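Some notes on the structure that comes next.
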Amino acid sequence: MNLKEAKVLVTGGSQGIGFATAKILVEAGAEVVISARDEQRLKTATESIGAKFVTADVSDEESVKQLFANTIDKLNGLNVVINNAAYGYFSTIDQIETAAFQKMLQTNLMGAMFVGRESAKYFISKNYGNIINISSTAGLNGFASGSAYVASKFALKGMTECWRAELRKHNIRVMLVNPSEVQTEFVKNSGREVKEHNATKLMAEDLALTMKSILELDDRAFIPELSVWATNPRN
């Protein structure tokens, strides 16, 4: 697609991968709305990159419906959704807290579904659209203490495959991006010990460039799924 014609919603867009993606798409000529729960952080983010914002909580169904209504109004349309809002919860199976597991799934799984559903409704009505679901290499392989987060990302991969099968006939490209560890606030937000910045691991900008590139493919083509790994990461 021509990014100068892109009207984009990025969930979880006030920091990390979402923010970097919004920034690179604005620089490419797209109109962008970012959403998140923290209004002040959204204001700061949009002022720095020239985007617009809508405050929303993807874990809340009604909030997502209002997010789409407000975004379509602000952009006078919509043709790209970056389904990015998520966070991590990590614990060994014998120590998992039910409430924490359920809360994370409400955002990572139900929230992703709410955003996907509202995207599909609008894009079907236009017979065109682009959905990029941001998963993780945790959606490809499990690891110790990953039960909750891995479950959410395996589920997102499965949902993506279903949406793709349903929506291709409507000229809607549904794509999945699986990053390995990215140097963002993800670790801090998950409650784990924050390590020093590691320049050998992925940066948010790497994922932003990835999404810009797959969107720029002519509409006759798309990349269903791709994984992005650090070349030679050092722990």
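The values are calculated or read from the model by the stated rules, or taken from the named source; none is laboratory data. Note that the structure is predicted; figures quoted are calculated from it, not measured. Here the Cβ is made from the backbone with ideal geometry for all residues, glycine too, and neighbour counts use every protein chain on show.
Annotations
- Any hit, the range 137-149, residues being modelled with pLDDT of 95 or more, β-branched (V, I, T) and surrounded by fewer than 19 Cβ atoms within 10 Å (Cβ to Cβ): yes
- Verdict on A30 being touching a strand residue (DSSP E or B) at 6+ places or on another chain (Cβ under 8 Å), over 24 Å from L109 (Cβ atoms), at pLDDT 95 or above and buried (at least 23 other Cβ atoms within 10 Å of the Cβ): yes
- Residue within the range 58-72 that is closer than 17 Å to N130 by Cα, touching a helix residue (DSSP H, G or I) at 6+ places or on another chain (Cβ under 9 Å) and surrounded by fewer than 22 Cβ atoms within 10 Å (Cβ to Cβ) present: yes
- Only listed residue being loosely packed, with under 15 Cβ neighbours inside 10 Å, within 19 Å of the chain's Cα centre (by Cα) and either closer than 26 Å to I93 by Cα or modelled with pLDDT of 95 or more (or both), chosen from E185, E193, E166, E225: E185
- Taken over the range 24-59, the criterion of being of a type outside the set (A, V, I, L, M, F, W, C), outside any strand (DSSP E or B), at negative phi and more than 16 Å from the chain's Cα centre (by Cα) is satisfied by E27, D38, E39, Q40, R41, K43, T44, T46, E47, S48.
- Considering the range 75-86, the residues that are of a type outside the set (G, A, S) and crowded, with 18+ Cβ neighbours inside 10 Å include one that is nearest to R41 (Cα to Cα), namely N84.
- Residues of the range 14-38 classified as touching a Ser or Thr at 6+ places or on another chain (Cβ under 8 Å) and aliphatic (A, V, I, L, M), total: 4
- The criterion of at least 2 residues that are within 18 Å of E225 (Cβ to Cβ), among the polar types (S, T, N, Q) and free of Cβ contacts under 8 Å to residues at least 12 places away in the same chain is met by none of the helices (runs of 4 or more DSSP H) falling completely within the range 97-184.
- Tabulated pairs, the range 56-80, first free of Cβ contacts under 8 Å to residues at least 12 places away in the same chain, second surrounded by fewer than 22 Cβ atoms within 10 Å (Cβ to Cβ), C-beta under 7 angstrom, 6+ apart or interchain: S63/D57
- Test: residue in the range 3-10 that is in contact with a strand residue (DSSP E or B) (Cβ under 7 Å, 6 or more places away or on another chain), part of a loop (DSSP other than H, G, I, E, B) and crowded, with 20+ Cβ neighbours inside 10 Å: yes
- Filter result for G50 (of a type outside the set (A, V, I, L, M, F, W, C) and crowded, with 23+ Cβ neighbours inside 10 Å): no
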